[in-house]
Amino acid sequence: MPRASQVLDRVLVLEMVRVTEAAAIAASKLIGRGDEKAADAAAVEAMRTALNKLPMDGTVVIGEGERDEAPMLFIGEKVGEAQEGAPAIDIALDPLEGTTITAKAGPNALAVLAIAEKGCLLNAPDTYMEKIAVGPGLPKKVVRLKNSVEENIKALAEAKGCEPEDIVACVLDRPRHGDIIAELRRLGCGIKLIPDGDVAGVIATADPDTGIDIYMGTGGAPEGVLAAAALRCVGGQMEGRLVFRNDDEKARARRWGIEDLDRVYRLKDMAKGDCIFAATGVTDGSLLEGVRRLAGGGKTTETIVMRASSGTIRTVRTEHRKG
């Protein structure tokens, strides 16, 4: 367990909850409206406003993209009230993880945020990342990106004392995962295909109630760092490797200080030291209940907030009587 960070002690856990709540509530007003960009923009603006009220010297290291692509919460943006002596904080965020989900009123859309001391979160470029993740209580390196699907499933089944057909894998429902899905089915595994939201998919491996044993496949690199921060808090194993589609993406990675483009990142390479992770449900899902309207006005939110140094996991249900 990592040491407690005195820097993070000054940024209260409850404040992180308020930030993700604000983004979730803003996005919830556009659930099922078919406008992904509007839902994302509402969440971004609300999260930025909430972050700028906090007494910290915050830097966005995982955000909405580079400055020329994102008007707000871009990589490198400074947030918070940087008063004298304010703690220096690195921030990874996704104000609306699941923009398509929200636009279509699907499950598992989240507002997500992770913080750590400066230099403790991987400054990942906005590219793809190949990922594999399992929950806590398993032998070290039980699954590896370098192994085949069959090797990983058989090793995981042996570690869990079950048969491969008892394993349930979570995979993003994308054409690029056709070979993974075919191999899992050949092995007799159960597969939970998700339309979006791979942060929730990775976290699900650490929650026995979901029935998910392993996450595998390729999704966003920023989401990989957020998921790694969450697993640092609850336990588990994860490996990630950046996937580049063209020379421009490789050049972008090098601009952010990444020289070894084939490096396999383990959990502590992506999120080290003490971390705080918070996620608020926008739509109902396996992890959290979505934003709900109260009779007579107002809303309810459900948030999970976790800290690596203490190993605490809190579920916060809040009634917002205004708005």
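What follows draws every value from the coordinates through simple rules; no lab data is involved. Every value quoted in this text rests on a predicted model; they were computed, and no experiment measured them. Counting neighbours? That spans all protein chains shown, and the Cβs are built from the backbone with ideal geometry, glycine included.
Charge tally around Leu172: other residues with Cβ under 9 Å, Lys/Arg +1 each, Asp/Glu -1 each, net -1.
In segment 128-270, the DSSP beta bridges split such that about 70 percent are antiparallel, to the nearest 5. Ordering 31-44, 102-115, 297-310 by mean Cβ neighbour count within 10 Å, with the highest value first, yields 102-115, 297-310, 31-44. Ordered by the count of other Cβ atoms within 10 Å of each Cβ, fewest first, Glu150, Glu15, Glu84 give Glu84, Glu150, Glu15. Computed 3J(HN,Hα) for segment 313-322, one whole-Hz value per residue from the Karplus formula 6.51 cos²θ - 1.76 cosθ + 1.60 where θ = phi - 60°, is 10, 10, 9, 10, 9, 10, 9, 9, 6, 10, glycine and proline marked x. When the square roots of the Cα gyration tensor eigenvalues are ordered a ≥ b ≥ c, the ratio a/c for segment 164-273 is 1.5 or more and a/b does not exceed b/c, which makes its shape oblate.
Comparing mean-square fluctuations of Glu66, Glu158, Glu223 from a GNM of the chain with C-alpha springs under 10 Å, the top value falls on Glu158.
Arranged from highest to lowest average of other beta-carbon atoms within 10 Å per residue, in what order do the peptides 272-285, 250-263, 130-143 appear?
Numbers: 272-285: 25.6, 250-263: 12.6, 130-143: 18.0.
Put in order of decreasing packing, that is 272-285, 130-143, 250-263.
Shown in residue order for segment 78-89 are the 3J(HN,Hα) couplings computed by the Karplus curve 6.51 cos²θ - 1.76 cosθ + 1.60 at θ = phi - 60°: 8, 9, x, 8, 6, 6, 4, x, 5, x, 7, 10 Hz (x for Gly and Pro). Counting Lys and Arg as +1 and Asp and Glu as -1 over every other residue whose Cβ lies under 14 Å from the Cβ of Lys160, the net charge comes to -4. Listed peptides 117-128, 90-101 appear in the order 90-101, 117-128 once ranked by packing, highest mean of other Cβ atoms within 10 Å at the front. The Kirkwood hydrodynamic radius of the chain, based on inverse pair distances between different Cα atoms, is 19.7 Å.
Filter Lys131/Lys250; Lys140/Lys272; Lys118/Lys192; Lys29/Lys268; Lys118/Lys268; Lys154/Lys192 down to the pairs with a C-alpha to C-alpha distance above 26 Å, please. Result: Lys118/Lys192; Lys29/Lys268 exceed 26 Å.
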